[in-house]
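The values are calculated or read from the model by the stated rules, or taken from the named source; none is laboratory data. Remember, it's a predicted structure, so these values are computed and weren't measured experimentally. FYI the Cβ positions are ideal-geometry reconstructions off the backbone, even for glycines, and counts take in every protein chain you see. Accessible surface areas use protein heavy atoms only, side chains included; no ligands, DNA or RNA. Shrake-Rupley method; radii C 1.70, N 1.55, O 1.52, S 1.80 Å.
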Amino acid sequence: MTAINPVTDLSREGDVAVITINNPPVNALGLLVREGLIAALDVAGKDAAVRAILLICAGRTFIAGADISEFGKPPSGPGFMETQNAFDAAQKPLVAAIHGTALGGGLETAMCCHYRVAVASAKFGQPEVNLGLIPGAGGTQRLPRLAGVPKALEMVATGKPIGAADALANGLIDEIVPGDLKAGAMDFIARLLASGKGIRRTRDLNDKVTGDFAAIFSFAKGQNMRGFEAPLDAINAVEAATKLPFDEGIAFEQKLFLARMMSAQSAALRYLFFAERKVAKIPDVPDDTPTLEIKKVGIIGAGTMGGGIAMNFATAGIPVTILEMKQEALDHGLGVVKKNYDSSAAKGRFTAEEAQKRFSLLTGTLKMEDLGDCDLIIEAVFERMDIKKDVFAKLDKIAKPGAIMASNTSFLNIDEIAAVTSRPDHVLGLHFFSPANVMKLLEIVRGAKTSKPVVATAMKLAKTIGKVGVLVGVAYGFVGNRMLAARSVEADKMVMEGAFPWDIDKVLVKFGFPMGGFAMWDLAGLDLGWVKEESHGETLRDLLNEAGRKGQKTGGGYYDYDAARKPTPSPVTEKLLTDLWAKKGISPRAIPEQEILERSLYPMINEGAKILEEGKASRASDIDIVWLYGYGFPAWRGGPMFYADSIGLDTVLAGVRKYGWTPSALLEKLVAEKKKFADL
Ligand code: 3HC
Ligand code: NAI
């Protein structure tokens, strides 16, 4: 075994040279790997005893892509082009042996080899669009040559990986190795050499890119790209593979790749890639903090949230006991869960047996004592402090020692709830988002006394149930709803100045949100947190609630809805609002789009800054993750705090002052110091 460099080894086994890449954690195709590959190919190429070359990786995965941390920095050493050229120059058969994930530059490297074998669990993908990029190491030219145009288009435009069986069926790989990868690959090479088949450069395979693909490309280009710029470039680059000779196709790809690399969207998406990984790290709760085992979960309340929350655990194979006050409520709650599972099975997401298996992990009860053996109990009853306190006081008496007690409250003070128990160190908030079985965000609310093992357990649990856990502090509405409330207050003010709800929503949708704030209210229910007795008919929301227009569930709210739930501006809402303006003597004015945008986003950013100032979030990027996964903030804008950095905090502060809000002290400080949220 020769160490070519710290991440590349070369050995000879019989007449096969074995190049092993060992660049933990994911064997990213950084500078050293590129240098190592080029040098190893050279040495193996010159060794007369070598008849074939095997490329394999140590550790958990094959090369999982380019090294994203190199992007945006000045290039150094050999680039992707030189690396591809070294593979294409090889005069001996090259075989890649793949395990884990061959993604981005990793799959591209594998495609530079002449043959590919993989274990059955391997995954293959070109996820560059998720980073605002397109494949930049030949992927758009080699993938269609191997897997065909439709498969290549799907992979580069959506970024979604495929499994080994799919890859084999499409010709992306040559064989699935049943047992040990290296032994299987060596066996493949022995058969290859015996068969007399030699090198087979992907660049020379033109069958699958020859033909008329006009209809396929026109369909692909017509898809809704939701504001993402990269997919269209990726499609165009694959189209080039069908129209241009290989080298010209590669040059076309390079041009688009480099332009994408410089784009604002890619900067935002790359930022989010690292933000999403940072969010799991809590400054004062180290990775080796002991965690508690969660083998059984209890849920109190089988309403909108309780049922959805229960599904997360059942789906992860964890049994759940659900407590309700009355049999009818329990039956109704479990019925909704059953319907959800059955309809997912009917759509082919999983089998009917799987649906049954998941549902069978749920047990209903009317007796709190039945939660006595649960390791974690999540309360999801009505949003009222007196009721929550009552529930927690009772729960404290029956929960086993060491059990974690969590509240799914949207706004209420976790410390106040914890104070009615004898074990506030085991109490925290687990704030799921609706629909709880779908939305990926989980705000993990750390109370003043919540212990570190309890925090660490919750963070780990979020991963187990497929959520992105974000640790937040106790504050009214925590992070997400607190910022949303700031936006809503201003939206309601704009409505009272002359904007229709849809005028405001339209600006947010244009900005990239999947829906505006008023459409969101219609989805959540206008009566959420609305108290009839306290209504004075002074706001549009009061009037709509009083008219029975409580949102989608009643057929209409701010908007009217058709059978397919498509919203249209409601004449009823329009009349209610114009009457309200008249009653209050308001002369409505048309609010310019830019003003609507500023008055929607700046209050959120200012509130986000206050959240940071108060230490209720660990870092600005955590806030961006909350908005990405909880509220559909357009990913390609990076989140509210990244967006603020990108337009300049001085601009935001000037806006905050112009509209007369109290600026966050942190925002003022950062502007004075000419800094960004990212510098914190
Ligand atoms: N570059 C740099 N660092 C990377 C990386 C990459 N491509 N992929 C992962 N990492 C780092 C992560 O930041 C993380 O670091 P940390 O421990 O310090 O936080 C560590 O590796 C482990 O990553 P995960 O926590 O994500 O580990 P998982 O096991 O959950 O997932 C994975 C592994 C599926 C490989 C996932 O990391 C992933 O999807 N990575 C990105 C893959 C990708 O996008 N590749 C394409 C890159 S662009 C490209 O290749 C351009 C080319 O066409 C030229
Ligand atoms: P819901 O009204 O749909 O369900 C509450 C359920 O709790 C009802 O079925 C009720 O019978 C039951 N319940 C009340 N007291 C109980 C008790 N003492 N013991 C057992 N069951 C009891 O309410 P929803 O929407 O599910 O909200 C629950 C909690 O989740 C609230 O704190 C809410 O703020 C929070 N939340 C709600 C979201 C939403 O979009 N609906 C989103 C995130 C959090």
Hey, any hits in region 425-441 for a residue that's open to solvent by less than 20 Å² (accessible area, probe 1.4 Å) and farther than 17 Å from ALA380 by Cβ? no
Out of PHE273, PHE350, I need the residue that is open to solvent by less than 70 Å² (accessible area, probe 1.4 Å), more than 15 Å from ligand 1 (Cβ to nearest atom) and not aliphatic (A, V, I, L, M). Which one? PHE350
Do we find a residue being crowded, with 16+ Cβ neighbours inside 10 Å, within 30 Å of ALA485 (Cβ to Cβ) and either modelled with pLDDT of 95 or more or more than 16 Å from ligand 1 (Cβ to nearest atom) (or both) anywhere in region 355-376? yes
Apart from one, (1) under 24 Å from the mean Cα position of the chain (by Cα); (2) surrounded by 16 or more Cβ atoms within 10 Å (Cβ to Cβ) all hold for LYS510; the odd one out is (2)
Can you work out which of the residues in region 418-445 that are in contact (Cβ under 8 Å) with a residue 60 or more places away in the chain and in a loop (DSSP other than H, G, I, E, B) is nearest to GLY477 (Cα to Cα)? PHE433
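Look at VAL119 and say whether it is β-branched (Val, Ile, Thr), more than 10 Å from ligand 1 (Cβ to nearest atom), in the same structural domain as PRO178 (by TED's automatic domain parsing) and touching a residue at least 60 places away in the same chain (Cβ under 8 Å).
yes
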Suppose we filter region 460-481 for residues that are part of a helix (DSSP H, G or I) and either surrounded by 20 or more Cβ atoms within 10 Å (Cβ to Cβ) or free of Cβ contacts under 8 Å to residues at least 12 places away in the same chain (or both); how many remain? 4
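If you go through region 18-30, how many residues are open to solvent by less than 10 Å² (accessible area, probe 1.4 Å) and more than 16 Å from ligand 1 (Cβ to nearest atom)? If you could, list the steps in order and put the result at the bottom.
In the first step, residues of region 18-30 are kept if they are open to solvent by less than 10 Å² (accessible area, probe 1.4 Å); the result is 18-19, 21, 27, 29-30.
Subset that is more than 16 Å from ligand 1 (Cβ to nearest atom): 18-19.
Going through region 18-30 one residue at a time, the tally reaches 2.
Suppose we keep only residues that are among the polar types (S, T, N, Q) and open to solvent by 40 Å² or more (accessible area, probe 1.4 Å) within region 331-347. Which one would you say is farthest from ligand 2 (Cβ to nearest atom)? Even if it seems obvious, please write down each step before you answer.
Going residue by residue through region 331-347, those that are among the polar types (S, T, N, Q) are 340, 343-344.
Imposing the further condition that a residue be open to solvent by 40 Å² or more (accessible area, probe 1.4 Å) reduces the set to 340, 343.
Numbers: ASN340: 14, SER343: 19 Å.
Out of the qualifying residues, it is SER343.
Could you tell me which of the residues ASP247, ASP287 is closer than 30 Å to VAL454 by Cα and among the charged types (D, E, K, R)?
ASP287
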Where residues in region 567-588 are surrounded by 11 or more Cβ atoms within 10 Å (Cβ to Cβ) and assigned to a loop (DSSP other than H, G, I, E, B), which of them is farthest from the chain's Cα centre (by Cα)? ILE586
Here's a check for you: in region 409-423, which residue that is open to solvent by less than 20 Å² (accessible area, probe 1.4 Å) and away from ligand 2 (no atom under 12 Å from the Cβ) is nearest to the chain's Cα centre (by Cα)? ALA418
Applying the selection to region 549-566, what residues are in contact with a helix residue (DSSP H, G or I) (Cβ under 6 Å, 6 or more places away or on another chain) and not in a strand (DSSP E or B)? GLN552, GLY557, TYR558
Can you name the number of the only condition in (1) crowded, with 23+ Cβ neighbours inside 10 Å; (2) not in a helix (DSSP H, G or I) that GLY306 fails? (2)
Residue in region 424-452 that is farthest from ligand 2 (Cβ to nearest atom), counting only those that are in contact with a His (Cβ under 9 Å, 6 or more places away or on another chain) and aliphatic (A, V, I, L, M): ILE444
Output yes when any residue across region 286-299 is within 23 Å of the chain's Cα centre (by Cα) and open to solvent by 30 Å² or more (accessible area, probe 1.4 Å), and no when none is. yes
Restricting attention to region 618-632, does a residue exist that is surrounded by 13 or more Cβ atoms within 10 Å (Cβ to Cβ) and on the phi > 0 side of the Ramachandran plot? yes
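How many residues, within region 208-233, are out of contact with any helix residue (DSSP H, G or I) (no Cβ under 8 Å at 6 or more places or on another chain) and at pLDDT below 95?
Adding up the residues that qualify gives 2.
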State whether the residues of region 645-657 include one that is in a loop (DSSP other than H, G, I, E, B) and among the hydrophobic types (A, V, I, L, M, F, W, C). no
Hits in region 384-408 (condition: of a type in the set (D, E, K, R) and open to solvent by 80 Å² or more (accessible area, probe 1.4 Å)): ARG384, ASP386, LYS394, LYS397
On the basis of being without any contact (Cβ under 8 Å) to a residue 24 or more places away in the chain, assigned to a helix (DSSP H, G or I) and within 16 Å of ligand 2 (Cβ to nearest atom), does GLU328 make the cut? yes
Considering residues that are among the hydrophobic types (A, V, I, L, M, F, W, C), within 28 Å of ARG637 (Cα to Cα) and in contact (Cβ under 8 Å) with a residue 40 or more places away in the chain, the number found within region 221-257 is 8
Selected residue (only one of GLU108, GLU70, GLU82 is more than 30 Å from GLY196 (Cβ to Cβ) and either away from ligand 1 (no atom under 15 Å from the Cβ) or modelled with pLDDT of 95 or more (or both)): GLU82
